[in-house]
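Down below is the structure, laid out as structure tokens.
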Amino acid sequence: MIGIIGAMDSEVRGLKTAMSDKEIREIASVEFCSGTLCGKKAVVAEAGVGKVNAAVTAQIMIMEYGVTAVINTGVAGGLEDSLRIGDIVVADKVAEHDMDTTPLGDEPGFITGLDRVYMECDRETADILKTCADEAGVRAVTGTVVSGDQFICRDDQRKRLREVFGAAAAEMEGAAIGHVCVMNGVPFGVIRAVSDCANDDSAVDFPAFEKEAAARSIEIIKRAAARLSV
Ligand code: ADE
């Protein structure tokens, strides 16, 4: 069974609508919708915004549903200069940009325990997601996606995430899901559609484009579901 996590209703509703044989359970105030998605056994959840909500949801999917892979879908702030609203970013790796033990001599983003900054996404899942985006005629890039409990909308934040992490996009959940998946030895993937460019315009662009962008990421997951071997 594959687990699919989004933070907001707009990021998962289209997946739940497309599922058959649905069964709903509520655990830790999160609704889990299991069933069949494009011929694949799947469980879909709206985790809520931020790293803690995402981590709790991922751990529940692993323990209660025995998922063999987790995909995180949704919207992101584009950081790479070429990215435009509506473009897709498929993560090859993720990092928690707000993890900071630099005063102790660690690199920015270093996660003590996992002892790394970057968590590698499942290569096959990322390749399938990228191929499906290309086939859908959507502009898609592969790169680093960074997560933190912050909405990125200032130049100094943007610049730091580009320079320190070489990030293509910023959001608020993907790396937390990656972190939990690494701890449990479960493969994971992250696909995000750009809702804003993490700049001065983001407070206006995000509410204007979030629904359209979220739906685009969902469409690519639906194309990919049947092909995923996990
Ligand atoms: N998700 C979508 N846009 C974002 C932004 N600018 N910062 C963080 N998360 C986001």
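A short reminder: the numbers here are calculations on the coordinates, not readings from a lab. Note that the structure is a prediction, hence the values are computed from the model and not measured. Glycine gets a Cβ as well: all are built from the backbone with ideal geometry, and neighbour counts include every protein chain shown.
Of all DSSP-defined beta bridges confined to the chain, some 40% are antiparallel rather than parallel. Net length available on complete extension from THR68 to VAL52 is 3.7 nm, with 0.36 nm assigned per residue and the Cα-Cα distance removed. Other residues lying with their Cβ under 12 Å from the Cβ of VAL117 contribute a combined charge of -4, Lys and Arg counting +1, Asp and Glu -1. For ARG154 and GLU212, the FRET efficiency from 1/(1 + (r/R0)^6), where r spans their Cβ atoms and R0 equals 25 Å, is about 0.55. When peptides 18-26, 187-195, 215-223, 133-141 are ranked by their average number of other Cβ atoms within 10 Å per residue, the highest-first order is 187-195, 215-223, 133-141, 18-26. Once you list every other residue whose beta carbon is under 9 Å from the beta carbon of LYS51, what net charge do they have if Lys and Arg are +1 and Asp and Glu are -1? For residues surrounding LYS51, the net value is -4. Toward the positive end of the charge dipole of region 2-223, with +1 on the Cβ of Lys and Arg and -1 on the Cβ of Asp and Glu, the farthest Cα among HIS179, ALA58, ILE152 is that of ALA58. Each Lys or Arg adds one and each Asp or Glu subtracts one; over the other residues with Cβ under 10 Å from the Cβ of MET1, this totals +2. Here the chain is assigned +1 on the Cβ of each Lys and Arg and -1 on the Cβ of each Asp and Glu. Its dipole about the Cα centre then comes out at about 720 debye.
Can you tell me the equivalent ellipsoid semi-axes for region 11-92? Use √(5λ) from the Cα gyration tensor, largest first, whole Å.
So the three semi-axes of region 11-92 are 25, 16, 12 Å.
Where the centre of each part is set by its Cα atoms, how far does region 1-76 sit from region 101-136, in angstrom? Measuring centre to centre over Cα atoms gives 20 Å. With the helix formula -39500 (n - 2.57) applied to DSSP H stretches of n ≥ 4, the chain reaches a computed 222 nm mean residue ellipticity of -12000 deg cm²/dmol.
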